[in-house]
Each structure stands twice: as structure tokens, then as C-alpha cells.
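I have placed the structure first, in the form of C-alpha cells, so that the comments after it can refer back to it.
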Amino acid sequence: MSKPDQFNNANNVNNAAYRVGYRSPPKKTQFKKGKSGNPKGRPTGSRSLQTILVEELKSTITINENGRSKTVKKGEVIAKQMVNKAMAGDHRAANLVLGVSQQHEYQEALKAPSVIETLPQEDRQVMQNLMRRLQGQLPTPTAEPEKKGFS
């Protein structure tokens with residue numbers, strides 16, 4: 001059996017030099033200009049996995065805690081269970097809880113004003129000049145000895 005001649009194929013009547021092969025699909029099967037390859041697109045109102053997850057964590061559930069019925073968010077229940085597992089000695093739960101705690105503390109520290117921002121203006125300028133001098137941006141002031149005698 002012989003291979004069909006790709007140059008004389010019926011699909012390539014307009015362009016006899018077009019070769020079908022690796023990374024060159026037949027012209028007939030290629031997307032047409034100005035027409036989407038996914039005409040229907042994503043359905044309107046479809047939600048991402050993250051959106052669905054956040055909605056579920058915000059939804060409420062009724063639990064019994066110390067003999068009382070209580071309505072709490074599902075995210076709170078998960079947090080309580082993780083902390084309880086960490087306290088019981090589950091190392092994975094402890095790492096997760098401590099990691100989230102550190103992340104939260106870091107975010108809070110970023111929100112707090114720095115020490116320099118809380119100083120009065122004159123002290124702030126002194127501190128900024130000192131920092132520039134330490135970084136090598138300003139020359140170190142030299143103390144000249146007082147001249148005695150006639151000038």
C-alpha cells in the first residue's frame with residue numbers, strides 16, 4: 001500500500017504547497033477566522049470551585065456543644081476540630097493550625113504602623129538621616145575642633 005499523496009489531496013486544492021503533518025492540520029479542520037473554537041463558552045452563572053467552597057464554609061449548621069444546640073458556620077466547626085486534633089497530638093493538624101496562626105500574625109503586623117511613623121517629625125528626620133548614613137547614602141559628619149585664637 002502506498003501513502004496518499006498529500007500535495008494532491010482534495011482538501012488542498014487552493015494551496016497545493018500546503019503539507020499536512022505534524023503541527024499542520026488539514027485546513028478543513030482548523031478554526032475559521034473570526035469564529036470561536038468554543039461558541040457556547042462558559043455557561044452564565046456557573047461558579048468556580050473557590051466560590052462554591054467559600055459559600056459552603058459560610059453556611060450554617062446546628063451542633064450540640066455541652067448539651068446545648070448551637071448554630072455555627074461550617075468553617076468555625078472545621079477550625080474547632082483542627083485545634084482539638086492539634087491539642088490531642090495530631091502533628092499534621094498542629095502544623096496546619098500553627099502555620100495559619102503565623103500567617104495571621106504576619107498580616108496583622110503588616111497593618112500596624114512602624115515605629116518611625118509614630119515618632120514626631122523632628123525625630124523621624126533624625127532617624128531617616130541616621131538610616132541613610134548607615135546605608136552609605138550620606139557622608140558622616142566630621143566634628144571640626146574649635147579654633148582658638150584670632151580669626
Margin query: Return the residues of the range 1-50 that are at pLDDT below 85 and among the aliphatic types (A, V, I, L, M); say none if nothing qualifies.
Written below: Met1, Ala10, Val13, Ala16, Ala17
Next item on the list: Would you be able to tell me the number of residues in the range 17-47 that are exposed (fewer than 10 other Cβ atoms within 10 Å of the Cβ), over 36 Å from the mean Cα position of the chain (by Cα) and assigned to a loop (DSSP other than H, G, I, E, B)?
Entry: 3
Next item on the list: Search the range 89-143 for residues being modelled with pLDDT of 80 or more and of a type in the set (Val, Ile, Thr), and hand back the single one that is surrounded by the most Cβ atoms within 10 Å (Cβ to Cβ).
Entry: Val97
Next item on the list: Please specify each residue of the range 62-86 satisfying the condition of being within 30 Å of the chain's Cα centre (by Cα) and in a strand (DSSP E or B).
Entry: Val72, Lys73
Check: Looking at Lys70, Lys74, which is the one that is free of Cβ contacts under 8 Å to residues at least 12 places away in the same chain and in contact with a strand residue (DSSP E or B) (Cβ under 8 Å, 6 or more places away or on another chain)?
Finding: Lys70
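The values are calculated or read from the model by the stated rules, or taken from the named source; none is laboratory data. The structure displayed is predicted, hence computed values, not measured ones. Please note: Cβ atoms are built from the backbone with ideal geometry, for glycine as well, and neighbour counts cover all protein chains shown.
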